[in-house]
1. Looking for whichever is touching a residue at least 24 places away in the same chain (Cβ under 8 Å) and exposed (fewer than 15 other Cβ atoms within 10 Å of the Cβ) here; the options are Val18, Val45, Val32. Which one fits?
2. Mind checking which pairs have a first residue in the range 282-310 that is under 21 Å from Gln25 (Cα atoms) and a second that is open to solvent by less than 60 Å² (accessible area, probe 1.4 Å) and outside any loop (DSSP other than H, G, I, E, B), Cβ under 7 Å, 6 or more apart or different chains?
3. With the checklist (1) free of Cβ contacts under 8 Å to residues at least 24 places away in the same chain; (2) in a helix (DSSP H, G or I); (3) not basic (Lys, Arg) in hand, flag the one item Leu100 doesn't pass.
4. Among residues belonging to the range 170-185 that are more than 19 Å from Glu146 (Cα to Cα) and more than 7 Å from the ligand (Cβ to nearest atom), point out the one that is surrounded by the most Cβ atoms within 10 Å (Cβ to Cβ).
5. Of the residues that make up the range 158-169, is at least one part of a helix (DSSP H, G or I), open to solvent by 10 Å² or more (accessible area, probe 1.4 Å) and more than 10 Å from the ligand (Cβ to nearest atom)?
6. May I ask you to say which residue of Thr257, Thr248 is of a type outside the set (Asp, Glu), more than 16 Å from the ligand (Cβ to nearest atom) and not assigned by TED's automatic domain parsing to the domain that holds Arg125?
7. With a cut-off of at least 3 residues that are open to solvent by less than 70 Å² (accessible area, probe 1.4 Å) and under 28 Å from Thr48 (Cβ atoms), name the strands (runs of 3 or more DSSP E) lying wholly within the range 251-363.
8. Return yes when Ala82 is within 13 Å of the ligand (Cβ to nearest atom) and in a helix (DSSP H, G or I) and no when it is not.
Amino acid sequence: MLIDGKPYRTIWVAEDGVTVRVLDQAVLPHEVKVLDLADLESAAVAITTMRVRGAPLIGATAAYGVALAMRADPTDAGLEAAVARLTKTRPTAVNLRWALERMQKALANQPRERRVALAMEEAARICDEDVAICEAIGAHGLKLIEAVAAQKPGETVNILTHCNAGWLATIDQGTATAPIYAAQAKGIPLHVWVDETRPRNQGAALTAFELLQQQVPHTVVVDNAGGHLMQHGKVDLCIVGTDRTTATGDVCNKIGTYLKALAAKDNGVPFYVALPSTTIDWTIRDGVSEVPIEERAAEEVTVMSGRTADGRIESVRITPEGSPAANFAFDVTPARLVSGLITERGVAEASPEGLRRLFPDAP
Ligand code: MRU
């Protein structure tokens, strides 16, 4: 996608063929900064500190993290240690485990001297596949937007999204945003309600940034506005992402997604979840009890940062000193609240049968 008219992916390899580069999402939207990942530790820290974030991008960064680790130690022990280190970075997005297992498989029984090259190739393949998957999600999701547009000819289609399941969360295009970009390319009049997504403000900082860059009309709203907007007919459909989808169609996504799904149900607003099949965890069936929910530092809730009028980035405390805060990063939306799962193979009903029909070859 474009930043100031220049096409970017979120992760790429520098001209030296060695350094992995990412866009530093901790400083967006105030600064566009490229971060070099030179070794395993810098990749792991970039994931933990959310300089890269979003389920598919976490997986891709971990894949490159393994490749960087192979430069330092291409032995089996080195591979195991790299996988163990990266596994610990973030607990909820299953793409992390998926990508690490794939890297292990690609490198197992390979001679040490070939491991760096093979790992770089496999990581690049993971990225390219993700781009193709998002493209396909866009094509399938477009049909849903076209159907809404057909019911209100000439009028704007209003879509609500939560967090950032955009190109910044993937390699390119995004999942929830791919249908939006596809609809924009078709000339469908669109407007996106962007939930700010406290506490880290991925909506206000990242989704707004990318929609602005792609010139998609949008409005940032506080997280609590969704129910009101839906009651007043201002949302035609919701499209969100997911970090882990159970085999039964429950989806675990950024905290607050569940409340949006409840409001959508109460107001008859279709609630779609866009996902690459790499976020499906076929080993679990009950999202609420089985998905590990990341709990992050209380300071992300008690302290907010932003840019001052004279351009400085400042942090300010918004709660009384001494008030404890809790920071659950994700919640689970049960399948019964999901209108459909937009995957690279089509739109599945959010049910075990619906997912199986599209993925009969899954484990
Ligand atoms: O904590 P984050 O910013 O990594 O959470 C991201 C999300 O919740 C996204 O909606 C999800 O990863 C889907 S990304 C296509």
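1. Exactly one residue qualifies, and that residue is Val18.
2. Glu294/Phe330
3. Of the numbered conditions (1) free of Cβ contacts under 8 Å to residues at least 24 places away in the same chain; (2) in a helix (DSSP H, G or I); (3) not basic (Lys, Arg), the odd one out for Leu100 is (1).
4. The qualifying residue surrounded by the most Cβ atoms within 10 Å (Cβ to Cβ) is Ile171.
5. Taking every residue of the range 158-169 in turn, none turns out to be part of a helix (DSSP H, G or I), open to solvent by 10 Å² or more (accessible area, probe 1.4 Å) and more than 10 Å from the ligand (Cβ to nearest atom).
6. Thr248
7. Filter on the range 251-363 gives 251-254, 303-307, 330-333.
8. no
The values are calculated or read from the model by the stated rules, or taken from the named source; none is laboratory data. A quick note: this is a predicted structure, and the numbers were derived from the prediction, not measured. Cβ coordinates were reconstructed from backbone atoms using ideal geometry, including for glycine residues, and neighbour counts include every protein chain displayed. Quick note on the areas: whole protein, heavy atoms, side chains included, nothing else; ligands and nucleic acids left out. Shrake-Rupley method; radii C 1.70, N 1.55, O 1.52, S 1.80 Å.
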